[in-house]
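Below is one structure, written out as structure tokens; the observations come after it.
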Amino acid sequence: MSTNENIDPRDKIELTNPENLYQIIDKNGNTIDYETVKGRELFNHYRHNMTNYDEVLDEVRQQQGYVNGYQQKKAVTGAAEKVLEKYHQEHVKVIKDSQLKSSLLKKIFNQAKVGTASAVVNLLDDWSEKIQKIGNLESSQRSLRVWNDTYRVQKKLIEKLVKDEDIDPQIAEKIKAIYATRSVNKAIKQGCTIFNLERSQVLKIVKSAIRYAKLVEES
């Protein structure tokens, strides 16, 4: 076995499991609450479960047959440095996120002309309701466009059918008159004239065809 004690474990220590930064476990594999863990338990977890501390010391032991106190201290120092670097990265990220949120919140305060977080919350709730209403309106508008397109296509097809089938000109004029109406109430009046029906009878026909029509005029 070699007795070369110039091996420096500190240079070989690496962070191998950074995801274990907040998942603290003891030597038996039991989870420890991060808020109540003690310093010794914390560091033992970090060097054994976050770094290759044990593997490095095993390698030194294989090369020279033992690990002296100085080398173990070097390994401990290397593990502490790697863990602190990870902590530093986490803290920098938290600080930047906090600054970004603070800047964004300040902009919201300025734009909304409010001075408290509760006022912003109320404002956002109000915006949310308005956005939802806008979404509903846009959905209704899309449905209306689809209906209008369908209506125009149906009208053209009926016109072609009337022409191709050589329909009686009087009937063709009645069909044209029905398509020319621009409101439900006018269509009802046309129906009364064309079909020689009472208004109540035409209303039944119209109501069966238009689900949401609001017929305000009385018979």
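The values are calculated or read from the model by the stated rules, or taken from the named source; none is laboratory data. The shown structure was predicted, so the numbers you read here are calculated from the model rather than taken from an experiment. For neighbour counting, all protein chains shown are included, and Cβ atoms are generated from backbone atoms with ideal geometry for every residue, glycine included. Heads up: the accessible areas ignore ligands, DNA and RNA and are worked out on the full protein's heavy atoms, side chains in. Shrake-Rupley method; radii C 1.70, N 1.55, O 1.52, S 1.80 Å.
Tabulated results
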{"read-out": "Test: residue in segment 88-100 that is more than 30 Å from V121 (Cα to Cα) and at pLDDT 90 or above", "value": "yes"}
{"read-out": "Residue among E55, E35 that is free of Cβ contacts under 8 Å to residues at least 60 places away in the same chain, under 20 Å from E90 (Cβ atoms) and either in contact with a Cys (Cβ under 9 Å, 6 or more places away or on another chain) or among the acidic types (D, E) (or both)", "value": "E35"}
{"read-out": "Top-ranked residue of segment 18-32 - restricted to ones that are among the β-branched types (V, I, T) and surrounded by 11 or more Cβ atoms within 10 Å (Cβ to Cβ), ranked as nearest to H91 (Cα to Cα)", "value": "I24"}
{"read-out": "Close pairs from segment 146-159: first assigned to a helix (DSSP H, G or I), partner modelled with pLDDT of 80 or more and open to solvent by 80 Å² or more (accessible area, probe 1.4 Å), Cβ under 9 Å, at least 6 apart", "value": "E159/K176"}
{"read-out": "Qualifying positions in segment 175-209 - open to solvent by 90 Å² or more (accessible area, probe 1.4 Å) and in a helix (DSSP H, G or I)", "value": "K176, K186, K189, T193, F195, K204, I205, K207, S208"}
{"read-out": "Index of the failed condition, L84 passing every other in (1) farther than 17 Å from L21 by Cβ; (2) in a helix (DSSP H, G or I)", "value": "(1)"}
{"read-out": "Leading residue by the ranking (farthest from the chain's Cα centre (by Cα)) among those in segment 87-109 that are farther than 30 Å from L21 by Cβ and open to solvent by less than 100 Å² (accessible area, probe 1.4 Å)", "value": "F109"}
{"read-out": "Filter result for L42 (surrounded by fewer than 12 Cβ atoms within 10 Å (Cβ to Cβ) and in a helix (DSSP H, G or I))", "value": "no"}
